[in-house]
Structure formats: C-alpha cells, structure tokens
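The values are calculated or read from the model by the stated rules, or taken from the named source; none is laboratory data. Values in this document were obtained by computation on a predicted structure and should not be read as measured data. We place every Cβ from the backbone using ideal geometry, glycine too, and count neighbours over all the protein chains shown.
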Amino acid sequence: MKRRPRLVAVATATVALALIAAGPASGGDPTVSDPRVVAHFDFAAGQTAENIALEPDGSADITFANSHQVARVTKDGDTTILATLPEVPDGQTPVGGPVLLGIARAHDGTLYVTYTTGKAETGVWRIAPGGGEPEQIGFFPADAFPNGLALDEKCGTLYTADTRLGRVWSLPVTGGTPTVWATGAALEPTAEIPFGANGLKVHNGAVWVSNTARATLLRIPIGPDHAAGPIETRATGLTFIDDFAFTGHGDTVLAALIMDNKVELVRPDGTHKTVLTRADGLDNPTSIAVRAKTVYVNSAAFFNTEAPDPNLLLAKISKNKL
C-alpha cells in the first residue's frame with residue numbers, strides 16, 4: 001500500500017517525459033502559409049525542377065535534371081534558360097541517363113552545378129554570372145553520383161553529397177580533383193534503397209546532409225583544420241527525404257519528402273511536423289530555399305505517371321510570437 005503513491009508518481013513522470021519527447025508546443029514554430037504555384041514547367045521537355053539557389057532580387061536559379069539546363073525564374077514565374085550542359089552520348093546513371101542536380105551561387109553571381117553522367121563529365125561545372133557556356137572544374141570518378149552542393153566561400157571550398165557512394169566530397173573552388181571529406185555508414189545507401197547522402201548545406205560551422213535511404217538528417221562539424229568531425233544524427237523518420245533548407249540562423253529545417261509529397265518542419269530537437277502537402281501544389285518536391293519571409297519549393301514530378309506537374313511553389317514563413 002505504501003508503494004502506490006510512488007507508482008503514481010512514476011506513472012505521472014513517464015507521461016510527462018513522453019509529452020516532452022513528442023516535441024515542444026507548436027507555439028514557437030515558424031508558420032508556413034499562403035502557398036501558391038508561381039511557375040509550371042514542361043515535364044515532356046525534361047524540365048524536372050531539381051535544385052535551387054536564390055538571386056539577390058528573389059529570383060530562383062533552378063536546375064532541370066533531365067534537360068540538363070539551368071533556368072532563372074522570377075517571383076512572378078517568368079522563366080529564362082541560363083545555360084545547358086553538354087550532351088553525353090551513352091551516359092548511364094542509377095536513374096537512367098545523365099542528370100543535372102545540385103546548384104550553389106557565389107556572391108559575384110557565379111553558379112556551380114553537379115552533373116552526373118556515368119562518364120568523364122561527372123563532376124562540378126561552373127557557369128559565369130549571367131549565364132553562358134558551362135565549364136567543368138571538378139572531375140569526379142565516373143561511378144560517383146554528386147548530388148547536393150554547397151559553397152563555403154570563406155575557405156573557398158565546395159562540398160557535395162555523393163548519393164551512390166555514400167560520402168561527402170570537398171573540392172577547391174578553383175577546381176581539380178575532389179577529396180573524400182566524410183564517410184561512414186550514416187551517409188551510405190541501403191540494400192533496399194540505393195540512394196544515400198542527398199541534400200547538403202553548410203550551416204553554423206557544420207556540413208548538414210540528408211540521407212534518403214535512412215530517412216535521416218545529419219550534421220558533420222567542420223574542425224579547425226577543416227577536417228570532418230563525427231557524424232551526428234539530428235532527425236529520423238523523414239521518409240524519402242531529398243533536399244532541405246534552414247528557416248533562419250537557428251537549426252530549424254524545412255525538408256522535402258519527395259515520395260510523400262510533403263514538406264516537413266524539423267525542429268532542432270529532431271521532432272517534426274508536416275507544413276505543406278500535395279493539396280498545396282507539391283508534386284514530388286525535391287528542394288527548398290528560404291529568403292527572409294519567403295519559402296521556395298521545387299517539384300520535379302518524377303514519379304507522377306498521370307498528370308506530372310513540375311513547378312515552383314512559393315509560400316510565406318513567419319515566427320509565431322506565442
């Protein structure tokens with residue numbers, strides 16, 4: 001009989017801990033509202049919107065995976081082709097033919113993109129400010145699958161996630177042969193899903209990477225000597241995560257779940273909730289960017305066999321003051 005109060009206390013504590021584990025109250029979360037599709041692309045022409053970098057005026061520089069093009073899309077939806085990567089005859093990759101994937105922008109307007117071909121053209125390519133003829137500056141192994149790309153201008157380094165080999169490469173912004181920067185099981189694909197490290201961002205002294213196969217968001221600290229620190233798992237349960245973006249200076253993330261047609265808000269403690277769905281216009285979302293109070297979401301419509309609608313969606317983002 002004397003033990004009953006203690007059992008009640010233990011039960012109460014267990015419930016409290018469960019509530020804490022479920023995540024903080026939503027009052028402190030950023031809110032995403034007013035989603036609207038501002039541009040529809042031509043799926044038949046290969047305009048499968050894959051990755052995104054933002055211009056100072058709010059325009060979006062977008063890679064079209066299957067047409068191997070880089071386009072600039074204004075916030076009103078006007079679209080201009082900036083560059084086209086060269087054709088690679090007989091190029092083969094795990095997704096079929098060559099694909100144009102990641103993109104990063106330097107302050108002077110230079111664009112860097114990852115081109116995966118299964119041949120010597122696989123690597124990082126540079127596009128001069130304003131567009132023009134792309135130039136290959138990073139020469140990767142033919143079996144590599146360079147995907148998400150980020151530029152750390154302070155140390156003149158490009159980082160890219162290798163989806164097939166399950167690693168992070170680093171490359172001097174001047175170009176050359178890449179170096180394997182980070183490896184480990186956390187970055188690798190699985191036997192069931194052959195797509196590992198995917199999206200990549202440099203944020204708050206670390207390289208952040210999504211792993212599609214393992215449904216995880218990872219953080220890799222950048223050491224004083226620019227070496228990779230131990231890989232940290234920051235969130236799990238992000239089914240078929242593709243690319244992601246930070247909502248601000250903190251570690252809150254918006255993540256694109258390509259197969260589920262969702263955008264998830266991922267809190268710093270790893271808990272997450274859905275903020276955009278197919279009903280808002282998503283069609284296999286691939287990547288996200290955030291600038292001030294605007295969220296940009298690309299959809300590639302890769303797996304929509306009925307009425308594919310690759311597009312660019314914009315939404316508002318704000319902090320809840322409660």
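Observations on the model:
- Selected residue [modelled with pLDDT of 95 or more, buried (at least 16 other Cβ atoms within 10 Å of the Cβ), in a loop (DSSP other than H, G, I, E, B) and touching a strand residue (DSSP E or B) at 6+ places or on another chain (Cβ under 6 Å)] from Gly118, Gly148, Gly138: Gly118
- Identification of strands (runs of 3 or more DSSP E) wholly contained in segment 275-322 with 1 or more residues that are among the hydroxyl-bearing types (Ser, Thr, Tyr) and at pLDDT below 95 yields 311-319.
- Scanning segment 194-236 for residues that are surrounded by fewer than 19 Cβ atoms within 10 Å (Cβ to Cβ), within 18 Å of the chain's Cα centre (by Cα) and assigned to a loop (DSSP other than H, G, I, E, B) yields a count of 5.
- Close Cβ contacts (under 7 Å, 6 or more residues apart or on different chains) running from residues in segment 183-206 that are free of Cβ contacts under 8 Å to residues at least 24 places away in the same chain to residues that are basic (Lys, Arg) comprise Thr183/Arg167; Ala206/Arg219.
- Asp162, sole failed condition from (1) closer than 15 Å to Phe244 by Cβ; (2) surrounded by 24 or more Cβ atoms within 10 Å (Cβ to Cβ); (3) not aromatic (Phe, Trp, Tyr): (1)
- Long-range neighbours under 6 Å by Cβ, at least six apart or interchain, first residue closer than 8 Å to Ile317 by Cβ within segment 30-42, second assigned to a loop (DSSP other than H, G, I, E, B) and at pLDDT 95 or above: Pro30/Thr247
- Enumeration of residues in segment 291-312 that are surrounded by fewer than 21 Cβ atoms within 10 Å (Cβ to Cβ) and in contact with a strand residue (DSSP E or B) (Cβ under 7 Å, 6 or more places away or on another chain): Arg291, Lys293, Thr294, Asp309
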